[in-house]
Amino acid sequence: WDILFVDGKIEQVAPDISIPQGSAIIIEGAGKHVTPGLIDCHSHSAASSINEGTQYITAEVRIRDVIDPNDINIYRQLGGGLTTANVLHGSANPIGGQNAVIKLRWGKGANDLLLKNAPQGIKFALGENVKQANWSGTNRYPQTRMGVEQVMRDAFRSALDYKHANENYLRNSKSRRIKIPPRKDLELDALVEILEGKRLLHCHSYRQDEIWMLTRIAEDFGFTIATFQHVLEGYKVAERLAEHGAGASTFSDWWQYKYEVIDAIPYNGTLMANNNVLVSFNSDDAELARRLNTEAMKAVKYGGLSEEEALKFVTINPAKQLGIDQWVGSLEEGKDADFVIWDGPPLSIYSKVQETWIEGTRYWSVDENKRLEERDKLERESLIQKILSTSSK
């Protein structure tokens, strides 16, 4: 089959596509493999800072304001086939900051990295981090898991009051019964957007009891969790996740790095997927983000998922979790021309990326990377010789 990309979009996918000679760049794919660009649903790359942990609610801070387009990890991750990432706030507080969904357009400015059509989101967190069990914190409230639940409920009640005050002002401002609008509150604006289904909630989580707790909060206030991040005990409550409608963006096989992950198992992703949960594998790590293809393969090893379903863990599934699947995540007509060419089966540890394209522009190739390495090697040697010749004098 052939794939025709025109003006940054997938124009046609069919056998033997005919185009006028000389009117297109031809990529010969015989003996190679092509996949959609890989998608990381939990990243902290390309952000110059990620945690504002001094308060338990920091819903007003935005990752998009600290995007660093010069982070070398963007380039390195392109070399692993990654094209889209969900850059999240950290997990220092129960209600953290707003996320940014980016495309890895190396060489572009910060605003050009943003996937502007992506639904807005926010980071919540549960567990040891937010109660400051693992770091010398600020002694701020909350210090316990029960306190974490309460501050979230209090925050949403305040958001409801704020929402009603604004609606009341709009209803009565024309009749001039209320002359002064409610004071603008950026924290509460973000929480109101969650209540209205306009902002996706991505929550750092581990233990089954806390996963249950947050689904209860969401249902009490009438919204749905977009994704539980990490969700290492998700296999214990997979039916509950499916019932609620939450996605699960998990690690493939991370465990034993702190006490609350003691029950993590590598079968977690497959068990949740087999119970009708929308599952993705994420990196949460700049280096691991370069190898999401082999992370996906672990779902085949642990649980016997098919390779096709495993590939979805790092392509269409995270796209659906982020609400961007109408543009990315699969090679379908009308979607963005985000694709990766591999020299072998894409889930094999022996396969290497040959080229990575985003919206019809090539941002990484093995041949160009080799030329750049040679250039840098020569420049380094030249500088060393200049230093040596100067010091000898």
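The values are calculated or read from the model by the stated rules, or taken from the named source; none is laboratory data. Predicted model, so just to flag it, every value in this text is computed and none were measured. Cβ coordinates were reconstructed from backbone atoms using ideal geometry, including for glycine residues, and neighbour counts include every protein chain displayed. Note: areas computed on protein heavy atoms with side chains; ligands, DNA, RNA excluded. Shrake-Rupley method; radii C 1.70, N 1.55, O 1.52, S 1.80 Å.
Tabulated values for the structure
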| read-out | value |
| --- | --- |
| Single residue of the range 356-371 satisfying the filter (open to solvent by less than 50 Å² (accessible area, probe 1.4 Å) and not β-branched (Val, Ile, Thr)) that is nearest to GLU11 (Cα to Cα) | GLY360 |
| Wholly enclosed strands (runs of 3 or more DSSP E) of the range 226-318 bearing at least 1 residues open to solvent by 40 Å² or more (accessible area, probe 1.4 Å) | none |
| Hits in the range 326-352 (condition: within 20 Å of the chain's Cα centre (by Cα) and either without any contact (Cβ under 8 Å) to a residue 24 or more places away in the chain or part of a helix (DSSP H, G or I) (or both)) | GLN326 |
| Those residues of the range 109-149 which are hydrophobic (A, V, I, L, M, F, W, C), assigned to a loop (DSSP other than H, G, I, E, B) and open to solvent by 30 Å² or more (accessible area, probe 1.4 Å), in sequence order | ALA133, TRP135 |
| Of all residues making up the range 7-16, the number that are open to solvent by 30 Å² or more (accessible area, probe 1.4 Å) and free of Cβ contacts under 8 Å to residues at least 60 places away in the same chain | 2 |
| Scope the range 44-56; condition surrounded by 15 or more Cβ atoms within 10 Å (Cβ to Cβ) and in a loop (DSSP other than H, G, I, E, B); matching residues | HIS44, SER45, ALA46, ILE50, ASN51, GLU52, GLY53, GLN55, TYR56 |
| Filtered residues of the range 19-43 (kept if crowded, with 22+ Cβ neighbours inside 10 Å and in a loop (DSSP other than H, G, I, E, B)) | GLY37 |
| Candidate set: the range 289-303, residues that are of a type outside the set (Lys, Arg), modelled with pLDDT of 95 or more and out of contact with any strand residue (DSSP E or B) (no Cβ under 9 Å at 6 or more places or on another chain); chosen: the one farthest from GLU239 (Cα to Cα) | THR294 |
| Conditions (1) at pLDDT below 95; (2) within 28 Å of GLY90 (Cβ to Cβ): number failed by ALA319 | (1) |
| Residue tally, condition open to solvent by 30 Å² or more (accessible area, probe 1.4 Å) and either within 16 Å of VAL6 (Cα to Cα) or in contact with an Asp or Glu (Cβ under 6 Å, 6 or more places away or on another chain) (or both), over the range 338-355 | 2 |
| Residue within the range 319-337 that is open to solvent by 30 Å² or more (accessible area, probe 1.4 Å), of a type in the set (Asp, Glu) and on the phi > 0 side of the Ramachandran plot present | no |
| Test: GLY323 is assigned to a loop (DSSP other than H, G, I, E, B), under 19 Å from HIS202 (Cα atoms) and not β-branched (Val, Ile, Thr) | yes |
| The lone exception for ILE72 - which of (1) more than 23 Å from ASP336 (Cβ to Cβ); (2) open to solvent by less than 60 Å² (accessible area, probe 1.4 Å); (3) among the aliphatic types (A, V, I, L, M) it fails | (2) |
| All positions within the range 172-207 that are farther than 21 Å from GLY96 by Cα and not in a loop (DSSP other than H, G, I, E, B) | ASN172, SER173 |
| Residues of the range 17-60 satisfying the condition of being free of Cβ contacts under 8 Å to residues at least 60 places away in the same chain and touching a helix residue (DSSP H, G or I) at 6+ places or on another chain (Cβ under 9 Å) | ALA47, SER48, SER49, ILE50 |
